[in-house]
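Following: one structure in structure tokens, then a few remarks.
The values are calculated or read from the model by the stated rules, or taken from the named source; none is laboratory data. No experiment lies behind these values; they were computed from the predicted model shown. Here the Cβ positions follow ideal geometry from the backbone for every residue, glycine too, while neighbour counts run over all protein chains shown. Side chains are part of the model used for accessible areas, which takes the heavy atoms of the whole protein and leaves out ligands, DNA and RNA. Shrake-Rupley method; radii C 1.70, N 1.55, O 1.52, S 1.80 Å.
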Amino acid sequence: MRWYIEVLKKYAVFNGRAGREEFWYFTLVSFIINICLSLLDRLLGMGGEGLLGLIYMVATLLPSLGVSFRRLHDTGRSAWWMLTLFIPILGVFVYLGLMTFKSQEGDNQYGQNPQNQTA
């Protein structure tokens, strides 16, 4: 949960680096929250519209983009790699693959390695 809160604190930060833990824990918690909101939508009789999930998605759009950009920076790649998501079907797999790569050792053009930074 700590990583989720950290990403929300960096609401619109698109520079710097984010380690795998930060990205994947934020993604996991967001996924769980979306499932819970979908269930709540159904229980409240809102049907398949998913209004609560939509509100959550809009509220976390900038933090999601920010952590994705910083994760790509951590692997030494430009945030332009996010455009791979526009490639039908294959793009999602390329994106997820990029997010699993190890951090670049030491500092890179985007900043210090997040593992070497003190909290």
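Charge tally for VAL13 (other residues, Cβ to Cβ under 15 Å; Lys, Arg +1; Asp, Glu -1): +2. The base-10 log of I(q)/I(0) for the chain, evaluated at q = 0.17, 0.20, 0.21 Å⁻¹, reads -0.87, -1.11, -1.18 [Debye formula, identical scatterers on Cα atoms, solvent excluded].
What's the magnitude of the charge dipole for the chain around its Cα centre, counting Lys and Arg as +1 and Asp and Glu as -1 at the beta-carbon? Answer in Debye, nearest 20.
It works out to roughly 100 debye.
Taking the centroid of alpha carbons for each part, segment 44-90 and segment 1-41 are 10 Å apart. Net length available on complete extension from ILE87 to LEU61 is 7.4 nm, with 0.36 nm assigned per residue and the Cα-Cα distance removed.
Loop-located trypsin sites (Lys or Arg not before Pro) in segment 42-119 (DSSP state not H, G, I, E or B) with no more than 11 neighbouring Cβ atoms inside 10 Å: LYS102. When the helices of the chain are scored as -39500 (n - 2.57) per DSSP H run of n ≥ 4 and the total is divided over every residue, the value at 222 nm lands at -17500 deg cm²/dmol. The fraction of accessible area contributed by carbon and sulfur in the chain is 68 percent, rounded to a whole number (1.4 Å probe; ligands and nucleic acids excluded).
Write down the accessible area per residue of segment 45-100 in Å², having rolled a 1.4 Å probe over the full set of protein chains.
Per residue, segment 45-100 has 55 Å² of solvent-accessible surface.
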